[in-house]
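J.: Sharing a structure, written as structure tokens. Questions coming.
Each value in this text was obtained by applying a stated rule to the coordinates, not by laboratory testing. All figures in this text were calculated on a predicted structure; none of them were measured in a lab. Cβ: placed from backbone, ideal geometry, glycine included. Neighbour counts: every protein chain shown.
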Amino acid sequence: MIKILFIVLQIGMGSLFIIAGTLKITDPSNFLTAIETFQLLPYPLAYISAYLLPWMEIICGLALILNKGQQSALIILTALIAIFIIALALSWERGLDIVCGCFGKPGSLKTNYLLLLTRNFAILATLILILIRNKKIVSR
Amino acid sequence: MNLFIKESGLICLLALFLSLLTWSIHPGTPSYYKVELEDGEILLTIALQSTDPVIWIDARSKENFELDHIPGAILLNEDNWEYLLAEFMEKWNPDLKVIVYCDSLLCRASKNVAQRLQDELQLNNIYTLYGGWETWTIEKK
């Protein structure tokens with residue numbers, strides 16, 4: 001039962017990142033604008049990230065679904081989400097009105113930091129859970 | 001650890017390759033230089049993301065407006081200010097975000113119209129579109 005639950009979680013997380021990455025890479029200008037609203041990266045780095053991050057999400061998402069290199073994919077995704085949470089917290093602290101850009105075009109320009117942080121902490125917790133579970137299975 | 005380095009290296013390389021491929025073939029490649037917005041300017045991507053109701057003001061000539069314009073835009077230029085202003089006032093309400101555009105990056109008509117609207121009607125929810133009509137046509141290709 002628990003095994004099935006973790007398979008569903010892993011495929012669910014994989015699908016989530018594939019959808020998020022695909023929505024971003026179809027409109028890199030829009031995602032670049034979203035990165036720029038955080039005011040954390042210099043423009044050239046933001047420009048590279050606008051192309052690189054969506055593909056990282058898609059490839060890691062595929063790795064989770066196909067069960068190939070999933071531990072590395074989980075570590076990368078966990079790191080990306082952790083960095084994003086820090087970026088969100090910094091923006092909140094600085095009072096910025098950021099555009100999440102998480103799933104392509106956002107519905108509103110008003111930033112709901114609490115919702116964004118809650119959502120990303122939930123994703124982070126799920127990734128860590130899957131990571132720990134997979135590690136236990138590998139080390140057995 | 002070795003496996004992680006190998007796999008994550010492969011993921012990064014693959015992502016880099018696909019990024020370069022996307023960058024070279026995607027029609028919506030962003031500008032290579034950072035856009036520095038002046039006061040009151042708004043990017044098209046931001047304008048289109050806004051859920052606030054928007055009224056577009058076309059500050060170009062009547063001829064250009066009749067050739068083509070942003071859907072729903074109202075003509076308001078300084079050539080026939082009093083008459084066009086009355087038409088604008090019929091459609092304007094305080095909840096609308098006003099975005100004025102002219103031909104391109106180089107034109108000043110949108111800035112002049114926005115300034116006059118601010119001065120004469122004390123509008124404050126007013127912006128000018130960065131890159132103007134030219135940006136719209138590129139974005140909508």
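J.: How many partner chain Cβ atoms sit within 10 Å of a residue's Cβ in peptide A:76-82, on average, as a whole number?
T.: The mean count of partner-chain Cβ atoms within 10 Å per residue comes to 1.
J.: Below 8 Å, C-alpha to C-alpha, sequence gap of six or more: please give me the relative contact order for the range A:1-116 in percent.
T.: 33 percent
J.: Sequence gap of 8 or more, or different chains, plus Cα separation below 25 Å: how many lysine pairs satisfy both in the range A:2-139?
T.: Final tally of qualifying lysine pairs is 8.
J.: Quickly rank A:67-76, A:36-45 as a protection proxy: mean count of other C-beta atoms within 10 Å, highest first.
T.: Sorting A:67-76, A:36-45 by mean packing, highest first, produces A:67-76, A:36-45.
J.: Expressed as an acute angle from 0 to 90° and rounded to the nearest 10, what is the orientation of the C-alpha long axis of helix A:2-25 relative to the principal long axis of chain A?
T.: Relative to chain A, helix A:2-25 is tipped by roughly 30 degrees.
J.: Separate question: Mind listing the long-range amide H neighbours of residue B:97? Cut-off is under 5 Å, sequence gap 5 or more, other chains count too, H placed in the peptide plane at 1.01 Å from N.
T.: Hits under the 5 Å cutoff: B:54, B:55.
J.: Given the rule -39500 (n - 2.57) for each run of at least 4 DSSP H residues, summed and divided by the residues of the protein assembly as shown, what is its mean residue ellipticity at 222 nm, to the nearest 500 deg cm²/dmol? If you can, show how the numbers build up before the last one.
T.: Working: 11 runs with 177 residues, N = 281.
Value at 222 nm, helices only: -21000 deg cm²/dmol.
J.: Further question: Going by how many other Cβ atoms sit within 10 Å of their own, how do A:13, A:56 line up, fewest first?
T.: A:13, A:56
J.: From the phi angles alone, apply the Karplus equation (6.51, -1.76, 1.60; θ = phi - 60°) to the range B:66-78 and give each ³J(HN,Hα) in whole Hz, x where the residue is Gly or Pro.
T.: With the stated coefficients, the range B:66-78 comes to 6, 5, 5, 7, 5, x, x, 5, 10, 6, 8, 10, 7 Hz.
J.: Can you give the average number of partner chain beta-carbon atoms within 10 Å of each beta-carbon in peptide B:24-34, as a whole number?
T.: 4
J.: Kindly express, to the nearest 10 degrees and within the range 0 to 90, the angle between helix B:81-91's C-alpha long axis and the longest C-alpha principal axis of chain B.
T.: 70 degrees
J.: While we're looking at this one, here's another question. How well do other chains shield peptide B:43-54, expressed as the mean number of their Cβ atoms within 10 Å of each residue Cβ?
T.: 4
J.: Relative to the longest principal Cα axis of chain B, at what angle does helix B:2-25 sit, 0 to 90 degrees, rounded to 10?
T.: That helix lies at roughly 40 degrees to the long axis.
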